[in-house]
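The values are calculated or read from the model by the stated rules, or taken from the named source; none is laboratory data. It should be emphasised that the depicted structure is a prediction, and the values quoted were computed from it without experimental measurement. Reconstructed Cβ throughout: ideal geometry from the backbone, glycine too, with neighbour counts over all protein chains shown. What goes into the accessible areas is simple: the full protein's heavy atoms, side chains included, and nothing from ligands, DNA or RNA. Shrake-Rupley method; radii C 1.70, N 1.55, O 1.52, S 1.80 Å.
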Amino acid sequence: QVQLVESGGGLVQPGGSLRLSCAASGSIFSINVMGWYRQAPGKQREFVAAAFRSGSTNYADSVKGRFTISRDNAKNTVSLQMNSLKPEDTAVYYCNAGVKVYRYSPELDRWGQGTQVTVSS
């Protein structure tokens, strides 16, 4: 069993900052990619940012220059620093990871339970 647990959501004013964190635990051999997705009310879940084991990162155009993803491979954690937040960033944010439970197992797609981020004055 592999679990992802998020923390750090909340209410913030436009222009403010929040930091989300996610920790993976359980039977883990390796994690290739860890990332964040979000889902606003009435909309589909969308990609926000990803951090690969190699150190490379990827961002949605809507958050480039405002959000920064970072990862600790040794601790199986990923964080998302969100600056200059806008009302349109309001959503439930989900942590995602591609996990191998042993060396030759297939990569399993795992999700956290989600954390609410609300940007409002």
For Tyr102, what accessible surface area do you get with a 1.4 Å probe? Give it in Å², rounded to 10.
130
In whole angstrom, and with the biggest value first, how far do the Cα coordinates of region 16-67 range along each principal axis?
35, 24, 21
With every protein chain kept in place and a 1.4 Å probe, the chain has an accessible area per residue in Å² of 54
Can you give me the convex hull volume of the Cα atoms of the chain, divided per residue and expressed in Å³?
95
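Would you mind calculating the relative contact order of the chain from Cα pairs under 8 angstrom and at least 6 residues apart, reporting the percent as a whole number?
That works out to 36 percent.
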With charges only on Cβ, +1 for K and R and -1 for D and E, what is the dipole size of the chain about its Cα centre, in debye, rounded to 20?
180
Which of Ser30, Ile69, Gly9 sits closest to the plus end of the dipole of the chain, meaning its Cα is farthest towards the positive end, when Lys and Arg get +1 and Asp and Glu get -1 on the C-beta?
Ser30
With a 1.4 Å probe and every protein chain kept in, tell me what percent of the accessible surface of the chain is carbon plus sulfur.
47
Here the percent of antiparallel bridges among DSSP beta bridges lying wholly in the chain, to the nearest 5, is 95
Per-residue counts of other Cβ atoms within 10 Å, averaged by peptide: what ranking do you get for 108-116, 76-84, highest first?
76-84, 108-116
Region 23-75, relative contact order in percent, only Cα pairs under 8 angstrom and at least six apart counted
28
